[in-house]
Amino acid sequence: MERFVYTSTVGCIGVPQNGIGDETQPCTLQEMSGDYKRSKFQAEQVALEFARGGFPVVIVNPTAPIGDHDFKPTPTGKIILDFITGKMPAYIDTGLNLVDARDVASGHLLAAERGRVGERYILGRENLTLKQILDRLAAITGKKAPAVRLPYAVAYAAGVATTAWAAVSGRTPMAPLEAVKMAKKKMFVTHAKAARRIRLRSWPCR
(Lines give C-alpha, C1' and ligand atoms only; values in the text may rest on other atoms or scores of the structure.)
Protein backbone atom coordinates (compact mmCIF):
# COMPACT_ATOMS: atom_id res chain seq x y z
CA MET A 1 0.00 0.00 0.00
CA GLU A 2 1.26 3.47 -0.87
CA ARG A 3 1.78 5.70 2.15
CA PHE A 4 2.22 9.44 2.45
CA VAL A 5 4.60 10.70 5.13
CA TYR A 6 3.92 13.92 7.02
CA THR A 7 6.97 15.43 8.71
CA SER A 8 6.05 16.91 12.04
CA THR A 9 8.40 17.83 14.91
CA VAL A 10 9.39 16.25 18.20
CA GLY A 11 7.94 19.37 19.81
CA CYS A 12 4.51 17.81 19.23
CA ILE A 13 5.44 14.89 21.49
CA GLY A 14 4.46 15.22 25.13
CA VAL A 15 7.41 14.99 27.49
CA PRO A 16 6.69 14.44 31.19
CA GLN A 17 8.63 16.70 33.55
CA ASN A 18 11.94 14.99 34.37
CA GLY A 19 10.98 12.07 32.15
CA ILE A 20 11.26 10.54 28.68
CA GLY A 21 8.60 11.22 26.06
CA ASP A 22 7.23 8.80 23.49
CA GLU A 23 4.46 8.66 20.88
CA THR A 24 1.81 7.86 23.51
CA GLN A 25 2.36 10.99 25.60
CA PRO A 26 -0.50 13.51 25.27
CA CYS A 27 0.23 17.07 24.24
CA THR A 28 -1.93 20.17 23.72
CA LEU A 29 -1.75 23.29 21.58
CA GLN A 30 -1.36 25.36 24.76
CA GLU A 31 1.94 23.58 25.46
CA MET A 32 3.39 24.65 22.12
CA SER A 33 5.89 27.53 22.31
CA GLY A 34 6.12 29.74 19.22
CA ASP A 35 4.29 29.96 15.91
CA TYR A 36 6.37 27.21 14.29
CA LYS A 37 5.54 24.56 16.87
CA ARG A 38 1.89 25.60 17.02
CA SER A 39 1.55 25.36 13.23
CA LYS A 40 3.23 21.94 13.23
CA PHE A 41 0.92 20.71 15.97
CA GLN A 42 -2.19 21.90 14.13
CA ALA A 43 -1.00 20.38 10.85
CA GLU A 44 -0.30 17.08 12.61
CA GLN A 45 -3.87 17.05 13.95
CA VAL A 46 -5.14 17.51 10.38
CA ALA A 47 -2.94 14.61 9.21
CA LEU A 48 -4.32 12.38 11.98
CA GLU A 49 -7.87 13.38 11.04
CA PHE A 50 -7.19 12.43 7.41
CA ALA A 51 -5.79 9.08 8.59
CA ARG A 52 -8.95 8.40 10.60
CA GLY A 53 -10.88 9.09 7.42
CA GLY A 54 -8.93 6.44 5.53
CA PHE A 55 -6.16 8.50 3.92
CA PRO A 56 -2.87 6.50 4.05
CA VAL A 57 -0.73 9.00 5.95
CA VAL A 58 2.08 8.17 8.38
CA ILE A 59 3.64 10.79 10.68
CA VAL A 60 7.30 11.12 11.60
CA ASN A 61 8.58 13.32 14.41
CA PRO A 62 12.30 14.07 13.91
CA THR A 63 14.19 15.26 16.97
CA ALA A 64 17.17 17.65 16.59
CA PRO A 65 19.05 16.71 13.39
CA ILE A 66 22.73 17.48 12.96
CA GLY A 67 24.79 16.96 9.82
CA ASP A 68 26.30 18.34 6.67
CA HIS A 69 24.85 21.15 4.51
CA ASP A 70 23.13 22.93 7.40
CA PHE A 71 23.58 26.26 5.66
CA LYS A 72 20.92 28.41 7.37
CA PRO A 73 21.70 27.06 10.07
CA THR A 74 18.97 25.20 11.97
CA PRO A 75 18.62 25.92 15.72
CA THR A 76 20.76 22.86 16.48
CA GLY A 77 23.33 23.87 13.89
CA LYS A 78 23.44 27.34 15.44
CA ILE A 79 24.44 25.84 18.78
CA ILE A 80 27.41 24.21 17.07
CA LEU A 81 28.27 27.33 15.09
CA ASP A 82 28.02 29.61 18.14
CA PHE A 83 30.31 27.27 20.07
CA ILE A 84 32.91 27.19 17.29
CA THR A 85 32.86 30.97 16.84
CA GLY A 86 33.06 31.69 20.58
CA LYS A 87 29.59 33.17 20.88
CA MET A 88 28.49 30.89 23.71
CA PRO A 89 30.11 32.10 26.95
CA ALA A 90 27.59 30.27 29.14
CA TYR A 91 24.89 27.59 28.96
CA ILE A 92 21.59 26.72 30.59
CA ASP A 93 20.33 23.47 32.05
CA THR A 94 18.43 22.02 29.14
CA GLY A 95 18.66 18.98 26.89
CA LEU A 96 17.91 17.68 23.42
CA ASN A 97 17.63 14.42 21.57
CA LEU A 98 20.17 14.53 18.73
CA VAL A 99 19.99 12.48 15.55
CA ASP A 100 22.12 12.29 12.42
CA ALA A 101 20.37 14.00 9.50
CA ARG A 102 21.08 10.94 7.36
CA ASP A 103 19.14 8.79 9.80
CA VAL A 104 16.20 11.20 9.58
CA ALA A 105 16.21 10.81 5.80
CA SER A 106 16.36 7.03 6.15
CA GLY A 107 13.52 7.15 8.69
CA HIS A 108 11.26 8.92 6.18
CA LEU A 109 11.81 6.17 3.63
CA LEU A 110 11.27 3.44 6.22
CA ALA A 111 8.05 5.08 7.41
CA ALA A 112 6.79 5.20 3.82
CA GLU A 113 7.61 1.52 3.36
CA ARG A 114 6.68 0.04 6.75
CA GLY A 115 4.78 2.59 8.81
CA ARG A 116 1.26 1.96 9.99
CA VAL A 117 -1.34 4.42 8.75
CA GLY A 118 -2.25 7.02 11.37
CA GLU A 119 0.72 6.27 13.61
CA ARG A 120 3.60 8.53 14.67
CA TYR A 121 7.26 7.58 14.78
CA ILE A 122 9.95 9.52 16.60
CA LEU A 123 13.11 9.73 14.48
CA GLY A 124 15.78 10.26 17.10
CA ARG A 125 18.80 8.81 18.75
CA GLU A 126 20.59 10.23 21.77
CA ASN A 127 19.40 12.28 24.76
CA LEU A 128 22.08 14.75 25.80
CA THR A 129 22.11 17.76 28.08
CA LEU A 130 23.40 20.99 26.54
CA LYS A 131 26.45 20.65 28.78
CA GLN A 132 27.17 17.19 27.37
CA ILE A 133 26.80 18.50 23.81
CA LEU A 134 29.24 21.34 24.50
CA ASP A 135 31.71 18.96 26.14
CA ARG A 136 31.63 16.75 23.03
CA LEU A 137 32.19 19.76 20.80
CA ALA A 138 35.11 20.76 23.00
CA ALA A 139 36.66 17.30 22.62
CA ILE A 140 36.25 17.43 18.83
CA THR A 141 37.46 21.00 18.26
CA GLY A 142 39.95 21.47 21.05
CA LYS A 143 38.07 24.59 22.16
CA LYS A 144 37.14 25.13 25.78
CA ALA A 145 33.54 24.46 26.76
CA PRO A 146 31.78 27.21 28.73
CA ALA A 147 31.89 26.56 32.46
CA VAL A 148 29.20 29.05 33.58
CA ARG A 149 25.64 27.78 33.88
CA LEU A 150 23.06 30.55 33.71
CA PRO A 151 19.95 30.36 35.90
CA TYR A 152 16.83 30.11 33.77
CA ALA A 153 15.55 33.49 35.02
CA VAL A 154 18.71 35.20 33.75
CA ALA A 155 18.44 33.44 30.38
CA TYR A 156 14.78 34.49 30.12
CA ALA A 157 15.65 38.12 30.83
CA ALA A 158 18.36 37.98 28.18
CA GLY A 159 15.83 36.51 25.75
CA VAL A 160 13.38 39.34 26.38
CA ALA A 161 16.09 41.99 25.98
CA THR A 162 17.81 40.61 22.87
CA THR A 163 14.51 39.79 21.13
CA ALA A 164 13.21 43.31 21.79
CA TRP A 165 16.45 44.83 20.47
CA ALA A 166 16.29 42.61 17.38
CA ALA A 167 12.81 43.94 16.61
CA VAL A 168 14.21 47.48 16.62
CA SER A 169 17.56 46.83 14.92
CA GLY A 170 16.47 44.20 12.43
CA ARG A 171 19.24 41.87 13.58
CA THR A 172 18.90 38.25 14.65
CA PRO A 173 18.57 38.04 18.45
CA MET A 174 21.51 36.45 20.27
CA ALA A 175 19.10 34.60 22.58
CA PRO A 176 15.66 34.35 20.89
CA LEU A 177 12.94 34.40 23.53
CA GLU A 178 11.02 31.49 21.95
CA ALA A 179 14.18 29.37 22.05
CA VAL A 180 14.69 30.22 25.72
CA LYS A 181 11.08 29.25 26.47
CA MET A 182 11.53 25.91 24.70
CA ALA A 183 14.73 25.27 26.64
CA LYS A 184 12.89 25.36 29.97
CA LYS A 185 12.14 21.65 29.62
CA LYS A 186 14.54 18.94 28.50
CA MET A 187 13.21 17.40 25.28
CA PHE A 188 14.25 13.84 26.06
CA VAL A 189 12.42 11.15 24.09
CA THR A 190 12.84 7.55 22.98
CA HIS A 191 12.91 6.29 19.40
CA ALA A 192 12.22 2.69 20.51
CA LYS A 193 8.95 2.45 18.55
CA ALA A 194 10.62 3.50 15.28
CA ALA A 195 13.46 1.03 15.91
CA ARG A 196 10.96 -1.76 16.57
CA ARG A 197 8.20 -1.06 14.04
CA ILE A 198 9.96 0.46 11.01
CA ARG A 199 13.45 -0.84 11.88
CA LEU A 200 15.09 2.57 12.18
CA ARG A 201 18.78 2.10 12.86
CA SER A 202 20.31 5.34 14.05
CA TRP A 203 23.84 5.86 15.25
CA PRO A 204 25.36 7.89 18.07
CA CYS A 205 26.11 11.52 17.15
CA ARG A 206 29.82 12.25 17.12
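The values are calculated or read from the model by the stated rules, or taken from the named source; none is laboratory data. No experiment lies behind these values; they were computed from the predicted model shown. No Cβ is skipped: glycine too gets one built from the backbone with ideal geometry, and neighbour counts run over all protein chains shown. We work out accessible area using only protein heavy atoms, side chains counted, and drop any ligands, DNA or RNA first. Shrake-Rupley method; radii C 1.70, N 1.55, O 1.52, S 1.80 Å.
Keeping every protein chain present and rolling a 1.4 Å probe, give me the accessible area per residue for the chain in Å².
I get 58 Å² per residue for the chain.
What would the Debye equation give as log₁₀ I(q)/I(0) for the chain at q = 0.11, 0.15, 0.17, 0.19 Å⁻¹, counting only Cα atoms as equal point scatterers?
-0.55, -0.99, -1.22, -1.43
If we count every other residue with Cβ under 15 angstrom of PRO56's Cβ, Lys/Arg +1 and Asp/Glu -1, where does the sum land?
Counting the neighbours of PRO56, the net charge comes to +1.
Quote to one decimal, in nm, the extra length available between ASN18 and PHE50 on full extension: 0.36 nm per residue of separation minus the C-alpha distance between them.
Answer, rounded to one decimal: 8.2 nm.
Assuming R0 = 22 Å, what is the FRET efficiency of VAL168 and LYS87, from their Cβ-Cβ distance, to the nearest 0.05?
That pair, VAL168 with LYS87, gives E of 0.60.
Express the carbon and sulfur contribution to the solvent-accessible surface of the stretch 1-73 as a percent, rounded to the nearest whole number, probe 1.4 angstrom.
Its accessible area is 54 percent carbon and sulfur atoms.
Inverting the mean 1/r over all pairs of different Cα atoms, compute the Kirkwood radius of the stretch 1-76 and quote it in Å.
Kirkwood radius, the stretch 1-76: 13.9 Å.
With the crude spin-label approximation of a point 7 Å out along Cα→Cβ, what separation in nm comes out for GLU178 versus THR141?
2.5 nm
State, to one decimal in nm², a quarter of the convex hull surface area for the C-alpha atoms of the stretch 127-189, i.e. the direction-averaged projected area.
5.3 nm²
Estimate the FRET efficiency between ALA161 and LYS185 by the formula 1/(1 + (r/R0)^6), using the beta-carbon distance for r and 22 Å for R0, to the nearest 0.05.
That gives a FRET efficiency of 0.50.
Once you treat every alpha carbon in the stretch 82-197 as an equal point and sum by Debye, what is log10 I(q)/I(0) at q = 0.11, 0.15, 0.16 Å⁻¹?
-0.51, -0.83, -0.89
Relative to the longest principal Cα axis of the chain, at what angle does helix 101-114 sit, 0 to 90 degrees, rounded to 10?
The helix 101-114 is inclined about 10 degrees to the chain.
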